[in-house]
Amino acid sequence: MGGRGIFVTGMMWSPALAAFLTSLIIKRPISALAWKWGDTRYQLGSYLVPLGYSLAAYLIIWTVGWGKFYDPEFVAGVAESFGLEKLPKGLVIVMYFILMGTLGMVRSMSSALGEEIGWRGFLAPEMYKILGYTKTALITGCIWALWHLPILLFADYNSGTPAWYGFSCFSILVISGSFIFTWFRLRSGSLWTAVILHASHNLFIQAIFTPLTLTSEKTKYFYDEFGIVIPILSLLVAIYLWTRRGELPASK
């Protein structure tokens, strides 16, 4: 990863910098970016929804045989790094899941916050005022997908599938994800729902389920953000929330 992850961190914070600069230009206080916590049930839902669709996706992948649970080399590395070499492998996996799913969220949120200040803190609410939910989610999702395109094509942000396939799957995931993120953001009135959604999605897929999977040549077409399974399940969640768009506050 370029710059030991520093380049990616900088990229993820560029939407926030754009939002801050735009707020400065139009003389709007940064405090207007929905920093309030809001109803905790939406924050909890924001954490659980990505866990739900990612866990379901990997259970399908492992059950069908597109990948296998688990990768012994990865688990051995986890055991060594945490000083758990003497514990059974199953317990190592459980402890890793708990530690990453709690303490790991702090680090994941620090990166996700940069993007979400821009996408759902500023852009989505402003577009919602004039376009409503469906068009706002669709357009911001397309912008979000295209924003990732350079690192998908020219860096290592992919799973090794052909570029057209990886970007197609990723675009379905991101655009459907935009419907999920926008719904939670508008329903809760809080930026933190989007931050938690983003952090939870990245954490469970990139740091837990994908590295736990023992892969074969065909696995890359089905798992991670560039395979087809997670995008399909994300799309189903998006369709469900779209049917509940009437619960959102009226656009102004």
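Quick note: the coordinates plus some simple rules give every number you see, no bench work behind them. All figures in this text were calculated on a predicted structure; none of them were measured in a lab. Note that we place each Cβ from the backbone using ideal geometry, even for glycine, and neighbour counts take in every protein chain shown.
Taking residue 173 as the residue in question, decide whether it is without any contact (Cβ under 8 Å) to a residue 24 or more places away in the chain, in a helix (DSSP H, G or I), within 16 Å of the chain's Cα centre (by Cα) and closer than 18 Å to residue 231 by Cβ.
Answer is no for this residue.
Here is a list: 136, 161. Which entry is farther than 20 Å from residue 50 by Cα and out of contact with any Ser or Thr (no Cβ under 8 Å at 6 or more places or on another chain)?
Every option except 161 fails the conditions.
Checking residue 128 against (1) more than 19 Å from the chain's Cα centre (by Cα); (2) among the hydroxyl-bearing types (Ser, Thr, Tyr); (3) within 16 Å of residue 12 (Cβ to Cβ), only one condition comes out false. Which one?
It is condition (3) that residue 128 fails.
Of the residues 70, 47, which single one is crowded, with 17+ Cβ neighbours inside 10 Å, of a type in the set (Phe, Trp, Tyr) and within 17 Å of the chain's Cα centre (by Cα)?
None of the others qualify; the one that does is 47.
Within segment 199-223, take every residue that is assigned to a helix (DSSP H, G or I) and among the β-branched types (Val, Ile, Thr) and give me the one that is nearest to the chain's Cα centre (by Cα).
The extreme case among them is 205.
Filter segment 205-243 down to residues that are without any contact (Cβ under 8 Å) to a residue 12 or more places away in the chain and among the hydroxyl-bearing types (Ser, Thr, Tyr) and give me whichever is surrounded by the fewest Cβ atoms within 10 Å (Cβ to Cβ).
Selected residue: 243.
For segment 30-40, which residues satisfy the criterion of being part of a helix (DSSP H, G or I) and touching a helix residue (DSSP H, G or I) at 6+ places or on another chain (Cβ under 9 Å)?
The answer is 30, 32.
Step by step: first the residues of segment 59-95, then only those that are part of a helix (DSSP H, G or I), free of Cβ contacts under 8 Å to residues at least 60 places away in the same chain and not aliphatic (A, V, I, L, M), then the one that is nearest to residue 222 (Cα to Cα). Which residue is that?
Per the criteria, the residue is 63.
Sort out which residues of segment 171-182 are buried (at least 24 other Cβ atoms within 10 Å of the Cβ) and not polar (S, T, N, Q), and write them in order of number.
173, 177, 179, 180, 181
Only one of 9, 22, 40 is surrounded by fewer than 16 Cβ atoms within 10 Å (Cβ to Cβ) and either in contact with a strand residue (DSSP E or B) (Cβ under 7 Å, 6 or more places away or on another chain) or under 23 Å from residue 208 (Cα atoms) (or both); which?
9
Please tell me if residue 196 is part of a helix (DSSP H, G or I), farther than 26 Å from residue 37 by Cβ and of a type in the set (A, V, I, L, M).
For residue 196, the condition - part of a helix (DSSP H, G or I), farther than 26 Å from residue 37 by Cβ and of a type in the set (A, V, I, L, M) - is not met.
Scan segment 139-159 for residues that are part of a helix (DSSP H, G or I) and exposed (fewer than 14 other Cβ atoms within 10 Å of the Cβ) and jot them down.
Hits for segment 139-159 are 146, 150, 153, 154.
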